[in-house]
Amino acid sequence: MLATRYLSLGFAFLGRNVISFLSETGSSLETLGRSVRSIVTLRCKWRRSMDQIVHIGVGSIPIVTIATFFVGMVMAVHVSTALAQFGVSLTVASIVCASILRELAPIFAALLIAGRAGAGITAELGAMQISGQLLAMRSLSLSVEDELIAPRFLATILSLVSITLLAGISGILGGYIVGIGHLDIPFATYHGKTLDSLDSLDLYCGLFKSVFFGLVIAIVGCHYGLSARGGASQLGINTKRSVVTASFVILVSNFFLTKAFIHLFE
Amino acid sequence: MITIHDFAKSYGDVKILQDIELKVDTGEALVLIGPSGCGKSTLLRHVAGIEDESSGPFSGRIDVGDVQDLLRWPEQKLLHQRIRGNRIGMLFQEGALFDFCNVEENLSWPLRENHKLSPTEILDRIQSTLEQVEMHRIRGLLSKEIRELSGGQKRRIALARSLLLEPDTMLYDEPTAGLDPPVAMDIAKLIRRLSESRGLTSITATHDMNSARIIADRVCFMRDGQIRFIGRIDECETHPEIRHFLQGEVDYAAQTIQ
Ligand SMILES: Nc1ncnc2c1ncn2[C@@H]1O[C@H](COP(=O)(O)OP(=O)(O)OP(=O)(O)O)[C@@H](O)[C@H]1O
Ligand SMILES: [Mg+2]
């Protein structure tokens, strides 16, 4: 009883955020269009993009790599116990490798970046909107797209792609630790298995996902930032919505992307 | 010269401004007074070309200098011809300085994007403008963060940021609000001096009659989104409605426009 009640409350909450975002799809797509144009026409400010990459990307490296390191270890433990009954625990390496690269690294990196950088984008742009700084930019012929939005798009995507790579490496290393230290598989064997199963297709699928997720985080983050009105409490609400909506869209779209890849390539 | 003809603006269903007819001659300083919420800031934002119809519909026509029918200019054209800032400057109610960077970046950023200037030229311009707003004697000012400045200093830096682009029209939104009387007087005198030395055409929105007396060539009184009086400052102080307003007797409860 209680569980269903909470479940329905949870769905209602998610639904509200996603619907409020989708109902403004027009304006978020417009934001997307304008930043793509700003990047393509090279009017996007590179210096500001670099600042943002440092801000969004570099700061997130420790948390993301540590998180996926442990995810890799957990994966290895689970897979080995499940496979032990069949006596094939040597395949641990290949399963960890594929699932980390295809699913876990992109998802974990994206969720952590949505929480860290997505929320930050909404809060920064929202505070500028509310305090009139965006209007001040317009009044000085400074383009909000070229100076603020497009650099954040570029930085989020580039950061997320490189962090996903690092997350993949660190997750696979986590698997090594468990496989060699805990399951007593010799290093040479585990390493050989990993190299055998490293598939560039897994890597490309993971990276494609991270580009897509980066786009989602940037659109959602900018949208909720630019649409902030009123005062500090509204800003808090929008920041929360930004994280919830981005995470939700990432998790749902991940399923469909995975299905699509399997359909296309296998 | 600023000409506003038959201007009206609504936010949603609420009419904020109506039947606005206003002419400010080249080099003239007009002061806009009126109760809180009567639409002064809204009018200034439209003259500055920073509002579009996404916030609510407007009608009428605004010409600023040779920028004809400003309201119909598309965003991209305004941006590319660099009308805003370079032709029409605006000082915002709270200054609206960029708080993610320091004073130097606040001042040099618009300059860098709008003009092709070398770093030393930019620094020279900043120095001479800081002199004009009487901020040049503060040590280490350029590397200060915005939060380290007092209210009056913020106002002056914001003013310098607008003046650096050398507009010929300036809009000041409550330049003296929230400042103590001596600082408010100083800012008002500064605005008057700038009007004269640069020959600026300006509109200043304020509640503060003392600074209005210093700044104004002419005064315009607004109420309920409409203009009720335009004239010289000594005339305005004998106008019954304005006298009531100045004595704090505006009946806000009755304030509606349909
Ligand atoms: N973006 C907006 N959306 C909806 N209503 C708005 C918006 N901006 C202003 N208003 C409303 O328009 C009216 C006029 O506001 P405005 O800020 O122009 O008044 P003002 O004369 O500058 O007041 P003050 O002297 O307090 O600064 C107010 O009632 C305000 O609530
Ligand atoms: Mg105002």
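The values are calculated or read from the model by the stated rules, or taken from the named source; none is laboratory data. Computed from a prediction, not measured in an experiment: that's the story for all the values here. Positions of Cβ are backbone-derived with ideal geometry, glycine not excepted, and every protein chain shown enters the neighbour counts. When the accessible area is computed, the model is the full protein with side chains, heavy atoms only, and any ligands, DNA or RNA have been set aside. Shrake-Rupley method; radii C 1.70, N 1.55, O 1.52, S 1.80 Å.
For chain A, set up a Gaussian network in which alpha carbons nearer than 10 Å are linked by springs, and say which option among A:153, A:248, A:13 fluctuates the most.
Looking only at A:153, A:248, A:13, the biggest GNM fluctuation is shown by A:13.
Name the helices (complete DSSP H segments) of chain B with a Cα length along the long axis of 15 Å or more and a Kyte-Doolittle mean of at least -0.5, or state none. Spell out each step's value before the answer.
Numbers: long enough: B:103-114 (18 Å, -1.12); B:119-132 (20 Å, -0.66); B:151-163 (18 Å, -0.52); B:181-198 (25 Å, -0.16).
Both cut-offs are met by B:181-198.
Can you list residues from other chains, or at least 5 along the same chain, whose modelled amide H is less than 5 Å from the amide H of residue B:229?
Under 5 Å from the amide H of residue B:229: B:221.
How much FRET efficiency would the formula 1/(1 + (r/R0)^6) give for residue A:50 and residue A:256, where r is the Cβ-Cβ distance and R0 is 35 Å, rounded to 0.05?
Values: r = 33 Å, r/R0 = 0.95.
In this case the efficiency is close to 0.55.
Ranked from the most accessible area to the least, with a 1.4 Å probe and all protein chains present, what is the order of B:73, B:109?
Values: B:73 50, B:109 0 Å².
Sorted by accessible area, descending: B:73, B:109.
Whole-Hz ³J(HN,Hα) for each residue in segment A:204-215, computed from phi via Karplus 6.51 cos²θ - 1.76 cosθ + 1.60 with θ = phi - 60°, x for glycine and proline: what do you get?
Couplings: 5, 4, x, 6, 4, 4, 5, 4, 4, 5, x, 4 Hz.
Contour minus end-to-end for residue A:19 and residue A:70, with contour as 0.36 nm per residue of separation and end-to-end as the Cα-Cα distance?
Numbers: separation 51, 0.36 × 51 = 18.36 nm, distance 3.44 nm.
Answer, rounded to one decimal: 14.9 nm.
At most 10 other Cβ atoms within 10 Å plus a DSSP loop assignment makes a site exposed; report the longest stretch of chain B without any exposed trypsin sites (Lys or Arg not before Pro). Can you show the working numbers first?
Values: sites that count: B:116, B:137, B:139.
Looking at chain B, B:140-258 is the longest stretch - no exposed trypsin sites (Lys or Arg not before Pro) with at most 10 other Cβ atoms within 10 Å.
Pick from A:148, A:90, A:112: which residue has the top mean-square fluctuation in a GNM of chain A where Cα pairs under 10 Å get a spring?
Fluctuation is largest for A:90.
With both bridge residues required to lie in chain B, what share of the DSSP beta bridges run antiparallel, to the nearest 5%? Provide the component values of the computation, followed by the final result.
Details: 20 of 39 bridges.
Percent antiparallel among DSSP bridges in chain B is about 50.
Per residue of segment A:143-154, what does 6.51 cos²θ - 1.76 cosθ + 1.60 with θ = phi - 60° give for ³J(HN,Hα)? Whole Hz please, x for Gly and Pro, Karplus curve as stated.
Going residue by residue, I get 7, 4, 5, 5, 8, 10, 6, 4, x, 6, 4, 4 Hz, with x marking Gly and Pro.
Apply the a/c threshold of 1.5 to the C-alpha gyration tensor of segment A:149-205 and tell me whether it is rounded, prolate or oblate.
prolate
If you fit an axis through the alpha-carbon atoms of helix A:187-197 and take the longest principal axis of the Cα set of chain A, what angle between them do you get, 0 to 90°, nearest 10?
That helix lies at roughly 60 degrees to the long axis.
If you fit an axis through the alpha-carbon atoms of helix A:61-84 and take the longest principal axis of the Cα set of chain A, what angle between them do you get, 0 to 90°, nearest 10?
Helix A:61-84 and the main axis of chain A meet at about 30 degrees.
Hey, what angle do you get for helix A:232-265 against the long axis of chain A, alpha-carbon based, 0 to 90 degrees rounded to 10?
Result, in degrees: 50.
So for the protein assembly as shown: antiparallel DSSP bridges make up what percent, rounded to the nearest 5? It would help to have the intermediate numbers written out before the result.
Details: 20 of 39 bridges.
So the antiparallel bridges in the protein assembly as shown amount to around 50 percent.
In terms of solvent-accessible area of protein heavy atoms at a 1.4 angstrom probe, what is the ranking of B:246, B:97, A:207, highest value first?
Numbers: B:246 70, B:97 15, A:207 40 Å².
Descending order: B:246, A:207, B:97.
Any idea what the relative contact order of chain B is, in percent, if you count C-alpha pairs under 8 Å spaced at least 6 apart? If you can, show how the numbers build up before the last one.
On the way: 447 pairs, mean separation 71.5, N = 258.
Relative CO of chain B lands at 28 percent.
Quantify, in whole percent, the carbon and sulfur part of the accessible surface of segment A:46-265 (1.4 Å probe; protein heavy atoms only).
Values: 6700 of 9050 Å².
The nonpolar share, carbon plus sulfur, comes to 74 percent.
For peptide A:127-137, compute the average count of partner chain beta-carbon atoms within 10 Å of each residue's beta-carbon. Provide the component values of the computation, followed by the final result.
Details: counts 2, 4, 0, 0, 7, 10, 8, 2, 7, 15, 8.
Whole-number average of other-chain Cβ neighbours for A:127-137 is 6.
Pull out a ≥ b ≥ c, the square roots of the eigenvalues of the alpha-carbon gyration tensor of the protein assembly as shown, then state rounded if a/c is under 1.5, prolate if not and a/b is larger than b/c, and oblate in the remaining case.
Details: a/c = 2.97, a/b = 2.29, b/c = 1.29.
Cα axes put the protein assembly as shown in the prolate bin.
Quick check: the distance between the Cα centres of segment B:156-201 and segment B:18-66, to the nearest angstrom?
For segment B:156-201 versus segment B:18-66, the Cα centre distance is 18 Å.
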